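Student: Encoded as structure tokens, here's the structure I'll be asking about.
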Amino acid sequence: MTDPIAQFRALSPEAQIKEGEDSLLAHILERGSLAHMKYPDLGMDSIDTFLSDCDCLRFPARYVYEFGSEMAPHQFAQPEPDFRSDHSGASVIYLRPVLRERPDFALLAVAYLIPLINYGEVVRDEHCSVYAGTLLGLTEEECYQRMLDIAAFCGCEEAYLENGDQAACGCAGSCENRN
């Protein structure tokens, strides 16, 4: 029997990084699928239950329709530490107030940020799209297109919307996370 650790150590650094990225993406897809099975009809009426479900989130979260202290002009949602919570890893998801008018957009914005809450800065927009799409029953492309729709609806800075590489940036925390 081959030792998987020895096999991994024998890989080049680039191959190790690729293996890690593939593993993270597969894990995020699996977690999104499990969450979708548990919450097949997830909506804003059940989002609070979802955000406190330790089977779906590593840390509890809540959302508010406010601008966060770290929210940039191109962002429509931003997670930040929740200092009101007794849980040290808890987050509050700040949503632009205009999203209150579009619960479908608010739901997608919250779902999109779950990988960032669960895994931190290592995630990229691709991870967020895969998770949110899987959770809500959308393809990654459908999810990404809806993220663009949210950005346009919120009036996010046009410079970001015009650049295809950064069209939905801000959702995963910063433009630097975008591939």
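Student: Starting from region 59-87, take each residue that is closer than 26 Å to Ala152 by Cβ and list its partners that are among the aromatic types (Phe, Trp, Tyr) and outside any strand (DSSP E or B), counting only C-beta distances under 6 angstrom and pairs at least six apart or across chains.
Tutor: Matching pairs, first to second residue: His74/Tyr160.
Student: Do we find a residue being acidic (Asp, Glu), under 28 Å from Cys156 (Cβ atoms) and modelled with pLDDT under 95 anywhere in region 5-18?
Tutor: So in region 5-18, the residues acidic (Asp, Glu) come out as 14.
Then keep just the ones that are under 28 Å from Cys156 (Cβ atoms); that gives none.
No, region 5-18 contains no residue that is acidic (Asp, Glu), under 28 Å from Cys156 (Cβ atoms) and modelled with pLDDT under 95.
The values are calculated or read from the model by the stated rules, or taken from the named source; none is laboratory data. The structure presented is a predicted model; accordingly, all values stated were derived computationally and were not measured. Every residue, glycine as well, gets a Cβ built from its backbone with ideal geometry; the counts of neighbours run over all protein chains shown.
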